[in-house]
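This report concerns only the one structure given below.
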Amino acid sequence: MEKIRRTKIVDLLQREDYGAQVCVKGWVRTKRGSKAVNFIALNDGSTIKNVQVVADVEKFDPEMVKLITTGACLSVVGEMVQSIGSGQNVEIQAQQIEVLGECPADYPMQKKGQTMEYMRQYAHMRIRTNTFGAVFRIRHNMAIAIHKFFHDRGFFYFHTPLITASDCEGAGEMFQVTTKNLYDLKKDENGQIIYSDDFFGKMTSLTVSGQLEGELGATGLGQIYTFGPTFRAENSNTPRHLAEFWMIEPEVCFIDLPELMDLEEEFIKYCVKWALENCKDDLEFLNKMIDKGLIERLQSVVETEFVRLPYTEGIKILEEAVKNGHKFEFPVSWGCDLASEHERYLVEEHFKKPVIMIDYPKDIKAFYMKQNEDGKTVQGTDVLFPQIGEIIGGSVREESYDKLMKRIEEMNIPMKDMWWYLDTRKYGSCPHGGFGLGFERLILFVTGMQNIRDVIPFPRTPKTADF
Ligand code: 4AD
Ligand code: MG
């Protein structure tokens, strides 16, 4: 018999040429029916929707029919017919069924309604479920939206290294990269490890951010963005932190703080709007099964103007809340780093809108942020979101060589390997700024999922690096 080309289910469900002979391949989601007729819901990952395959049992080998179980992989050839009962317009009247892969009864995704913790243990299989299929299709769409947003605005996609000798954020949360024999480390007379004979001839780590090299890119190309993995060895076991996450970092020359905030706001709104327009089926599923307020929240973010709030004002609001009896776990006063409970209070209870906070005390922010005239604050911006807390961190950069050097000395930052960064301030320095968006935090917001471990295929967190 002539071979028929496979049709993806997403395409098949759009078709109206009833009577055509088609071939679909995919995995059995459910099988029900009687001794005479079987109804098989087949999914191939191209869409959240299943296609219903109708099989008149007597036409098929009973041994084969027994192998059509949940999770089995099938190839089906049949006639495309109009459907009334399957929830779709199209179903397939099966003529031939081949079991490509049998699926025994201990298939871990067998039962519906398992907990997210259970699913995480089977991260290699959970991709076959409705929820994770929806999440990862949306994740893909967000990556496309991000590239499109920047490309359309004349930003260049700039690749920054993953292995680096500098700690951009200065938080000391880096994973070391070495080929040294860890069982036999050579040390000098002060007990310090000797790195001169290591692979790179110095101590190196996985990057926490592409920003510093991104600044080099921007000061040649005008405006760039990075989009790549970053690594942080922070021992934060929270639903918002990963040890390996993806970050998008635009860097723009000749931008000031209000323009930077405009870019942040426009960018997030663009991504959320893209999801609403391009991921309808998946969002509707998640809205029904995971988070009933999801679509409404996404729409509201697209339509709302974000609040722009100096840190000092924010602290006043929080102190006022404490005075009025609001209980926070951590104390708040000017100079403190906001805890996520504080950020969420401002966003979810006080303003009920996303907040862009600016002008932070210099001592709680990184060395590269532009210093304000007051001598106390810097032009940092954090975008704070409902449910998520901080989704973006960014700043205008200090472009004065002298001011930057002074700050580096005050903060005891080892600069011996960063001469190249200082050169940007030495040779034709320019005002510039940028930000970093945590990709998984965006996906959390857009999908309504509760835990960051469930929006990246194979999460890396303290004590877990399976798959
Ligand atoms: O605020 P951060 O540390 O900023 C930077 O790294 C700057 N160099 C960015 C820049 O200006 N180019 O991180 C940026 C964002 C955070 O707002 C958060 O969304 C995300 O990265 N992020 C994390 N996401 C998941 N797990 C973690 N451990 C994260 N740490 C930061
Ligand atoms: Mg931050």
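The values are calculated or read from the model by the stated rules, or taken from the named source; none is laboratory data. Computed from a predicted structure; not experimentally measured. Cβ: placed from backbone, ideal geometry, glycine included. Neighbour counts: every protein chain shown.
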Out of region 283-330, which residues are free of Cβ contacts under 8 Å to residues at least 12 places away in the same chain and closer than 29 Å to residue 257 by Cα? 300, 303, 313, 316, 320
Give region 376-400 a look and list any residue that's within 29 Å of residue 429 (Cβ to Cβ) and away from ligand 1 (no atom under 13 Å from the Cβ), or say none. 376, 377, 399, 400
Hey, any hits in region 28-35 for a residue that's surrounded by fewer than 19 Cβ atoms within 10 Å (Cβ to Cβ), over 19 Å from residue 110 (Cα atoms) and of a type in the set (D, E, K, R)? yes
With respect to residue 284, is the statement that it is modelled with pLDDT of 95 or more, of a type in the set (D, E, K, R), surrounded by fewer than 21 Cβ atoms within 10 Å (Cβ to Cβ) and in a helix (DSSP H, G or I) true? yes
Of the residues 317, 295, 364, which is more than 13 Å from ligand 1 (Cβ to nearest atom), β-branched (Val, Ile, Thr) and farther than 22 Å from residue 270 by Cβ? 317
Any idea which of (1) modelled with pLDDT of 95 or more; (2) more than 25 Å from residue 440 (Cα to Cα) is the one residue 245 doesn't satisfy? (2)
Considering only region 374-392, I want to know if a residue exists there that is surrounded by 15 or more Cβ atoms within 10 Å (Cβ to Cβ), assigned to a helix (DSSP H, G or I) and within 16 Å of ligand 2 (Cβ to nearest atom). no
What is the residue count in region 164-192 for residues that are over 26 Å from residue 242 (Cβ atoms) and without any contact (Cβ under 8 Å) to a residue 12 or more places away in the chain? 11
Checking residue 254 against (1) closer than 21 Å to residue 370 by Cβ; (2) within 12 Å of ligand 1 (Cβ to nearest atom), which test does it fail? (2)
Does residue 186 fit the bill of being away from ligand 1 (no atom under 16 Å from the Cβ) and modelled with pLDDT of 95 or more? no
Per the filter on region 287-311, residues within 19 Å of residue 135 (Cα to Cα) and not in a helix (DSSP H, G or I) are 290, 291, 292, 293
For region 407-465, which positions are among the aromatic types (Phe, Trp, Tyr), outside any helix (DSSP H, G or I), more than 14 Å from ligand 1 (Cβ to nearest atom) and under 19 Å from residue 219 (Cβ atoms)? 427
Anything in region 240-282 that is touching a residue at least 60 places away in the same chain (Cβ under 8 Å) and within 29 Å of residue 49 (Cα to Cα)? List them, or say none. 246, 268, 270, 271, 272, 274, 275, 278, 279, 281, 282
Can you name the residue in region 192-219 that is of a type outside the set (Phe, Trp, Tyr) and exposed (fewer than 13 other Cβ atoms within 10 Å of the Cβ) and, of all such residues, is farthest from residue 164 (Cα to Cα)? 192
So residue 150 fits all but one of (1) surrounded by fewer than 17 Cβ atoms within 10 Å (Cβ to Cβ); (2) more than 30 Å from residue 363 (Cβ to Cβ); (3) not small (Gly, Ala, Ser); what number is the exception? (1)
Would you check if residue 33 is modelled with pLDDT of 95 or more and on the phi > 0 side of the Ramachandran plot? no
